[in-house]
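Undergrad: One structure is given below, represented as structure tokens, and several questions about it will come after.
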């Protein structure tokens, strides 16, 4: 099956995805999947489009070196996405990897809708669409018979949404809690050891995990967006990150982290949500956990999520390693899901 891909956003994750497609070519061939990248839209490096396929590896190299892949003057991103409608490939997919805007989830939400309007499936690593508009977007995807997938939005490539959707049929998710932000978990562990806050943060920035402006991590917004996305999908909530009670991590957490450790506890930034009747309680907060708690044992860059399910009870998913490759793999896994669905039910209404 030939799959025409148009990439909106061409940062580190999207460029690693392009490389992973090439590295996975043998596996994709075995599945009968032939991906062709026909378009790339960037904010600062121009856009490129070729119905026959682009040299995406070359484009990734150019952008990584600070060059441009197309002219500065171009149609709007939404007009660019609309070109997918004219593609003659068997399957059309929009890959959305722009940066989260914590104020409203835009422009990612509009990009997703433009993909639907072009008759394309949409896969994204951006938390915004699921965190701000999951219910509406899932309904719109069903209406036009396309998939809306976002496995890379919460725990890189760890299959959280896929696990529930595919491996826990007829189950009920009653709630969840987790450590889902790498930067703050690393910093809290460093503070326990007496390392200065600024030094620990600088290590995360040098590793490319924390942004030059790390406020989304430190103020709890990244974790709040992930909490909203998880609650919307797993608990049928309809909330945004602004409805999640939120705390962050700063230098003042050092004494508390060391005191907790001295008392046989660990201080963690815990994201959680549960449903009580018709109400959703969602929070990101600093909690002192018993040292044997599956969230407390997480060191460095590790993350974990505990699902409270019926009838399977509590299920813990732990991510020991993270990085661009894992998020890129989530996009690849979602792409394969799209192809499998198309093979089973071509152009029929699909479950997002």
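The values are calculated or read from the model by the stated rules, or taken from the named source; none is laboratory data. Every value quoted in this text rests on a predicted model; they were computed, and no experiment measured them. Here the Cβ positions follow ideal geometry from the backbone for every residue, glycine too, while neighbour counts run over all protein chains shown.
Undergrad: Any idea how many residues of region 118-168 are in a helix (DSSP H, G or I), touching a helix residue (DSSP H, G or I) at 6+ places or on another chain (Cβ under 7 Å) and free of Cβ contacts under 8 Å to residues at least 60 places away in the same chain?
TA: Of the residues in that region, 4 qualify.
Undergrad: Looking at 157, 119, can you tell me which residue is out of contact with any strand residue (DSSP E or B) (no Cβ under 7 Å at 6 or more places or on another chain), surrounded by fewer than 24 Cβ atoms within 10 Å (Cβ to Cβ) and modelled with pLDDT under 95?
TA: Only one candidate passes the filter, namely 157.
Undergrad: Can you tell me which residue is nearest to the chain's Cα centre (by Cα) among those in region 98-114 that are free of Cβ contacts under 8 Å to residues at least 40 places away in the same chain and in a helix (DSSP H, G or I)?
TA: It comes out as 108.
Undergrad: Need a quick list: helices (runs of 4 or more DSSP H) entirely within region 195-256 having at least 2 residues that are under 12 Å from residue 131 (Cα atoms) and either in contact with a strand residue (DSSP E or B) (Cβ under 6 Å, 6 or more places away or on another chain) or outside the structural domain of residue 176 (by TED's automatic domain parsing) (or both).
TA: Fully inside region 195-256 and qualifying: 221-234.
Undergrad: Exactly one condition in (1) surrounded by fewer than 21 Cβ atoms within 10 Å (Cβ to Cβ); (2) assigned by TED's automatic domain parsing to the domain that holds residue 308 is false for residue 178; which is it?
TA: (1)
Undergrad: Moving on. Quick check on my filter: what residues within region 85-101 are in contact with a helix residue (DSSP H, G or I) (Cβ under 9 Å, 6 or more places away or on another chain) and within 19 Å of residue 340 (Cα to Cα)?
TA: 90, 91, 92, 93, 94, 95 - these are the residues of region 85-101 that are in contact with a helix residue (DSSP H, G or I) (Cβ under 9 Å, 6 or more places away or on another chain) and within 19 Å of residue 340 (Cα to Cα).
Undergrad: State all residues of region 270-295 that are part of a loop (DSSP other than H, G, I, E, B) and surrounded by 21 or more Cβ atoms within 10 Å (Cβ to Cβ); if no residue qualifies, say none.
TA: The one that is part of a loop (DSSP other than H, G, I, E, B) and surrounded by 21 or more Cβ atoms within 10 Å (Cβ to Cβ): 295.
Undergrad: Return the only residue of 238, 217 being surrounded by fewer than 24 Cβ atoms within 10 Å (Cβ to Cβ) and either within 30 Å of residue 276 (Cβ to Cβ) or within 15 Å of the chain's Cα centre (by Cα) (or both).
TA: One residue alone meets the criteria, 238.
Undergrad: While we're looking at this one, here's another question. With (1) surrounded by fewer than 24 Cβ atoms within 10 Å (Cβ to Cβ); (2) at pLDDT 95 or above; (3) outside the structural domain of residue 219 (by TED's automatic domain parsing) as the list, and residue 99 as the residue in question, which single condition is left unmet?
TA: Unmet condition: (2).
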